[in-house]
1. Looking at Val55 and the list (1) in contact (Cβ under 8 Å) with a residue 40 or more places away in the chain; (2) exposed (fewer than 15 other Cβ atoms within 10 Å of the Cβ); (3) within 16 Å of the ligand (Cβ to nearest atom), which single condition is not satisfied?
2. Name the single residue that is surrounded by the most Cβ atoms within 10 Å (Cβ to Cβ) among those in segment 3-20 being touching an Asp or Glu at 6+ places or on another chain (Cβ under 6 Å) and either of a type outside the set (Lys, Arg) or not in a loop (DSSP other than H, G, I, E, B) (or both).
3. In segment 98-118, what residues are in contact with a Ser or Thr (Cβ under 8 Å, 6 or more places away or on another chain) and small (Gly, Ala, Ser)?
4. Name the residues in segment 70-110 that are in contact with a Phe, Trp or Tyr (Cβ under 7 Å, 6 or more places away or on another chain), of a type in the set (A, V, I, L, M) and crowded, with 21+ Cβ neighbours inside 10 Å, would you?
5. Say whether the condition of being in contact with an Asp or Glu (Cβ under 6 Å, 6 or more places away or on another chain) and at pLDDT 95 or above is met by at least one residue in segment 82-89.
6. Give all pairs with beta carbons closer than 8 Å in which a residue from segment 68-84 that is within 10 Å of Phe21 (Cβ to Cβ) and more than 10 Å from the ligand (Cβ to nearest atom) meets a residue that is in a loop (DSSP other than H, G, I, E, B) and β-branched (Val, Ile, Thr); count only pairs at least 6 apart in sequence or on separate chains.
7. Which condition number in (1) within 27 Å of Glu10 (Cβ to Cβ); (2) modelled with pLDDT of 95 or more is the one that Glu66 fails?
8. Could you list all residues from segment 9-47 that are farther than 17 Å from Val110 by Cβ and free of Cβ contacts under 8 Å to residues at least 40 places away in the same chain?
Amino acid sequence: MLDPNADVYEAVKGLRVVRNFEDRQISEEHLDAILEAGRWTGSSKNRQNWAIIVVQDPGQLERLAECGDFTTPLRNAPTTLVPVRLPEGYDWDLGRLSQNMMLAAAALGVGSCPVTFHREDDAKAVLGVADDHGARFGITLGYPEPDAERAGRERSPLSGRKPLGAMIYRDRFET
Ligand SMILES: Cc1cc2nc3c(=O)[nH]c(=O)nc-3n(C[C@H](O)[C@H](O)[C@H](O)COP(=O)(O)O)c2cc1C
């Protein structure tokens, strides 16, 4: 019944974070393809009020890792993308941009994990991002270690999802 787009549906539903990566850089071809998928993300009024910083320098990665409380994936990964919200950009658009790049990465065999910069001002200072811009999250990228996703899911208390019945309402939000 899901054909002909069953693969796309399964990819969307099956996306899971990867926190352990092989010790090698992702190819430029894969990086370009992931960024290109991001470029085509729709945005409010098509304003594309974003920029993306590709961080691969080990010193920069280490400094960024200091800016959040749960940045082990960033320390493990060879590349981190930082979507920057330009002035008047929307967080909604940045979320779509990020998810599109993560889905595109998965389609290419590249694992990813969002990481939060709890000290966003520090992250912005590391990256040279101006005060009136946002840089709250990074997306780590790398080739998954064999079995990384399953192992991560089994270890994580955060895996699984609430049932639909716990989140869907009809016509009005009633608690
Ligand atoms: C906005 C956002 C911020 C996140 N920040 C972090 C983070 O700082 N560190 C981390 O390890 N994972 C982070 N994650 C990953 C979530 O923990 C993960 O998406 C969630 O637990 C579901 O995991 P699963 O994809 O394995 O089902 C973040 C996810 C989102 C959407």
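The values are calculated or read from the model by the stated rules, or taken from the named source; none is laboratory data. On a predicted model such as this, the values are computed, not experimentally measured, just so you know. Please note: Cβ atoms are built from the backbone with ideal geometry, for glycine as well, and neighbour counts cover all protein chains shown.
1. Condition (2) is where Val55 drops out.
2. Val18
3. Ala105, Ala106, Ser112
4. Once the filter is applied, which keeps residues that are in contact with a Phe, Trp or Tyr (Cβ under 7 Å, 6 or more places away or on another chain), of a type in the set (A, V, I, L, M) and crowded, with 21+ Cβ neighbours inside 10 Å, segment 70-110 yields Ala77, Leu94, Leu97, Val110.
5. First, the residues of segment 82-89 that are in contact with an Asp or Glu (Cβ under 6 Å, 6 or more places away or on another chain): 87.
The next check asks that each one be at pLDDT 95 or above; those that pass are 87.
Checked segment 82-89: at least one residue is in contact with an Asp or Glu (Cβ under 6 Å, 6 or more places away or on another chain) and at pLDDT 95 or above.
6. Pro78/Ile26; Thr79/Ile26
7. The failed condition is (1).
8. Listed by number, the residues that qualify are Tyr9, Glu10, Lys13, Lys45, Asn46.
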